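Some notes on the structure that comes next.
The values are calculated or read from the model by the stated rules, or taken from the named source; none is laboratory data. Worth saying up front: this structure is predicted, and the values here are computed from it rather than measured. Backbone-built Cβ (ideal geometry, glycine too); neighbour counts: all protein chains shown.
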Amino acid sequence: MTDATFESERQLNAMQIGSAYSSPRPHVTGPTAPAAVAPLILVVEDDRRMLTYLRTTLTDQHLRVVETETGAEALTLASAHNPDLVVLDFSLPDTDGVQITTKLREWTGAPILLLSARAEEFDKVAALDAGANDYLTKPFGSGELLARIRVWLRHTQRQPGNSLQPTLDVGPLRIDFDKRLAFLAGREVRLTPTQYKLFATMMRNAGKVLTHEQILLAVWGLAYTRETQYLRVYMGQLRQKFEDDPARPRYLLTEPGIGYRLRPER
């Protein structure tokens, strides 16, 4: 893609993501209207020129971007930032997009848009079967990329409990994703960064049984998926802070031999 073409497409697509994201936190009228937060896109691309193109295209539309060039770091960034959508290159220096998609699908429902120079049907089927939502063949224009992103962001916004919601309530438990705060019955509970990530992971998946590996991947990253003692220690700390009787937890339940589940209050 030439620089002139790139610039013309940037101008053509200006404002198409939507006026709701014209700034990172635009003003929303109404006394009870929450502040809109621009969606966060995780971009995983090892081609530096393409990475720059993607970053510029997305930030031009006032989308927030976190980026990496490797699959291993993509998993760590995904667990740390919980992106609203992932733009993922098919071929990476340390792995491929299908494997990363499979790992992400163990714990997140964020839309995944795979990019690839491969146009064979076999590759597309493998990506979609692994859990990708969409597949875009290189080269492509910014207009098509942004249109597909808009579709999946609209779909995500319609889902209950999605990451675009600034707060989430589960019984007396509440989390404020924007301010990174946790509450119990309206009272703020002070958490360390790791405790917060664990609490956020359980809250986002309330009612679901999460395996030890899924939680460790989401909170600590790929290198720690066998360190179950970390999880036991930190889950015990959360129970001390959120349970009336940590020895007989009401919310943060152990699923023997499997993992943990946050039980919504009935």
- Item | Conditions (1) in contact with a helix residue (DSSP H, G or I) (Cβ under 8 Å, 6 or more places away or on another chain); (2) over 23 Å from residue 198 (Cα atoms): number failed by residue 122 | (1)
- Message: What pairs come out if I take residues in region 242-264 that are more than 21 Å from residue 187 (Cβ to Cβ) and pair them with residues that are at pLDDT 95 or above and aromatic (Phe, Trp, Tyr) whose C-beta lies under 9 Å away, six or more apart or interchain?
- Response: 253/260; 254/260
- Kindly indicate whether any position in region 241-250 is within 25 Å of the chain's Cα centre (by Cα) and surrounded by fewer than 19 Cβ atoms within 10 Å (Cβ to Cβ). no
- Quick one: residue 112 ticks every box in (1) without any contact (Cβ under 8 Å) to a residue 40 or more places away in the chain; (2) surrounded by fewer than 23 Cβ atoms within 10 Å (Cβ to Cβ) bar one, so which box is it? (2)
- Task: Run residue 235 past the list (1) part of a helix (DSSP H, G or I); (2) within 17 Å of the chain's Cα centre (by Cα); (3) under 20 Å from residue 256 (Cβ atoms) and report the number of the one that doesn't hold.
- Result: (2)
- From the set of residues in region 60-73 that are over 11 Å from residue 94 (Cα atoms) and without any contact (Cβ under 8 Å) to a residue 40 or more places away in the chain, which is farthest from the chain's Cα centre (by Cα)? 68
- Return the total of residues in region 185-201 being outside any helix (DSSP H, G or I), in contact with a strand residue (DSSP E or B) (Cβ under 9 Å, 6 or more places away or on another chain) and not basic (Lys, Arg). 5
- Query: Within region 119-159, which residues are surrounded by fewer than 16 Cβ atoms within 10 Å (Cβ to Cβ) and either within 17 Å of residue 71 (Cβ to Cβ) or of a type in the set (Lys, Arg) (or both)?
  - Reply: 138, 150, 154, 158
- Return yes when residue 29 is over 27 Å from residue 141 (Cβ atoms), out of contact with any strand residue (DSSP E or B) (no Cβ under 9 Å at 6 or more places or on another chain) and either buried (at least 16 other Cβ atoms within 10 Å of the Cβ) or modelled with pLDDT under 90 (or both) and no when it is not. yes
